[in-house]
Amino acid sequence: MSHTIMQRDYQTEQRAQAYIDEVFSQIKQRDPHETEFHQAVDVIFKSIKPALVKNPAYIDNRILERLTEPERLITFRVPWVDDEGTVQVNRGFRVQFNSAIGPYKGGLRFHPTVNSSVVKFLGFQQIFKNALTGQPIGGGKGGADFDPKGKSDGEIMRFCQSFMTESSQHIGPDTDVPAGDIGVGARELGYLFGQYKKLRGRFEAGALTGKSLNFGGSLGRKEATGYGTIYFVENMMKDKGLNIEGKRVVVSGSGNVSIHAMEKAIELGAIVVACSDSDGYIHDENGIHLETVKQLKEIENRRIRDYVDYHPQSVYVEGCSGIWTIPCEIALPCATQNEISGSAAQTLIKNGVKVVAEGANMPSTTAAVEQFIASDILYAPAKAANAGGVAVSSLEMAQNSSRIAWTFEEVDKKLKDIMTDIYHNCSEAAKAYSAPGNLVVGANIAGFIKVADAMTEQGVI
Ligand code: GLU
């Protein structure tokens, strides 16, 4: 390479880095309290410099400023009446982050921690996750600081109806399509859909996904996030001549993602030795009985600590972070954001973990991600590993539009193929951008390029 070319490359690289730094500091200045959002942006910005160097038009088109500023952030009042007759007021959100490749798509989270930072971090990641699925869906997210814990069925219904009264003005099958996330499952989606239908005066099935099978839901959607995470793990391990059979697996959480990740892992011959809820975790070296977990969490709405009453050989430990001290070959964080600290990551690595795949969104802190990347473990970031849920949501939209329902086997086969494609695309992008094996770089670059190109082709809008 001639001296001048080398110099030019160096200058382009410097320009790209200066641009990234400038935009990141603007973002932090503008909304200093949005720490989760900054963390999600940082992860993307740390990966994409080579893409900006290769295509400086992204800089000229100010793609980073445009990507990090939501197209729309809606904040609204959610008033409802509790069982005592008292008026309650929660804060609702919908972030319509990016529609470059399709209608906004992303779940709703009902949890006391929901605020603009959490909604924006989730919505921002959703843009790239959705792009990776290969489906025509943009990025969005929403929710409320409502705590469903301990609420009656009637309270949940009234809250969902009030939440939808406002949301219905902003969503629709070709506009913005919400689904579930933490605290929003089939029951909530039923109430949300009922209210949407009533307000619209039309049966627009494709306005929400994750619906009940009785009114337009897709077979396989419930299982998709958890199963998809395991299909992704299978792909990663296969590439290294490894497989899941006989491996010890630690899974945090005991919600929808966690339960179906455990189910598929067990089906493939793994031994799931621990799972948790927000109070603590259970541990059994001989393997957790999934049916008991399902009975407690899905049907009886009880706490995971009650598991030991049915399986006295198992142990319950109060508090969640200790789950990562249990030796295992495969760790699947499927609970919530920032659940793996830097030191928990260190312990996992020291104890011989071979694979970490994120079923939850951003479960690893920045320090934990650095540890995983620096080690030689296989690490699958959430955008890639948990994309199966939203991918099957998109298949639900396709079925709703065509008024045809696919079998479970058809959906599951499509999900498998999508997860395999995501793995190969991330892995190829990592190689092409000089970071072989680094799926964080691979996922971020592959997702970014697709969205940035679509935005560029559509002009400055
Ligand atoms: N909340 C899920 C996610 O984080 C699913 C979103 C959807 O199906 O739209 O991807």
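Annotations
- Per-residue ellipticity at 222 nm from helix content only, as computed over the chain with -39500 (n - 2.57) for each DSSP H run of at least four residues, stands at -15500 deg cm²/dmol.
- Rounded to the nearest 0.05, the FRET efficiency derived from the C-beta distance between Ser401 and Asn214 at R0 = 22 Å is 0.70.
- Positive-end ranking of Leu132, Pro363, Ala380 along the dipole of the chain, with charges on Cβ about the Cα centre, is headed by Leu132.
- Around the amide H of Asn98, modelled in the peptide plane, lie the amide H atoms of Glu71, Gly139, all under 5 Å away and 5 or more residues distant in sequence or on another chain.
- Alpha carbon centroid spacing (whole Å) that separates segment 137-182 from segment 188-234: 12
- The Cα trace of segment 316-461 gives Rg and Dmax of 17.7, 56 Å, the first to one decimal, the second as a whole number.
- With every protein chain in place, the chain: carbon and sulfur % of accessible area (1.4 Å): 51
- Each principal axis of the Cα cloud of segment 42-119 was taken in turn, and the coordinate range along them, longest first, works out to 61, 22, 16 Å.
- Loop-located GluC sites (Glu not before Pro) in segment 1-99 (DSSP state not H, G, I, E or B) with no more than 12 neighbouring Cβ atoms inside 10 Å: Glu84.
- Within segment 210-265, the percentage of alpha carbon pairs spaced more than 18 angstrom apart rounds to 41%.
- Greater than 31 Å apart at Cα, pairs in Lys46/Lys105; Lys120/Lys149; Lys197/Lys416: Lys197/Lys416
- Exposure rank, largest accessible area first [Tyr227, Tyr191; 1.4 Å]: Tyr191, Tyr227
- Between segment 274-294 and segment 306-344, the C-alpha centres lie 8 angstrom from each other.
- Ser25 versus Thr366: modelled label distance in nm, points set 7 Å from Cα along the beta carbon direction: 1.5
- The coefficient of translational diffusion for the chain, derived via Stokes-Einstein from the alpha carbon Kirkwood radius under 4 °C and 1.567 mPa s, stands at 58 µm²/s.
- Cα-based Kirkwood hydrodynamic radius, segment 118-226, one decimal, Å: 14.6
- Here the dipole of segment 337-461 is about 140 debye; that uses its Cα centre as origin and unit charges on the Cβ of Lys and Arg (positive) and Asp and Glu (negative).
- 1.4 Å probe accessible area per residue over the chain, in Å²: 41
- Listed by chain and number, the lysines placed with their C-alpha closer than 21 angstrom to that of Lys49 are Lys28, Lys129, Lys383, Lys431, Lys450; residues fewer than eight positions away on the same chain are left out.
- Gained length - Ser152 relative to Arg62, 0.36 nm times residue gap less alpha-carbon distance: 27.6 nm
- Cα centre as origin, Lys/Arg/Asp/Glu Cβ charges: segment 198-273 dipole, Debye: 380
- Inter-site label distance for Ser278 and Val89 at 7 Å from Cα along Cβ, in nm: 2.3
The values are calculated or read from the model by the stated rules, or taken from the named source; none is laboratory data. Small disclaimer: the values here were computed from a predicted structure and weren't measured. Note: ideal-geometry Cβ built from the backbone for every residue, glycine included; neighbour counts use all protein chains shown. Surface accessibility is based on the protein's heavy atoms, side chains included, excluding ligands, DNA and RNA. Shrake-Rupley method; radii C 1.70, N 1.55, O 1.52, S 1.80 Å.
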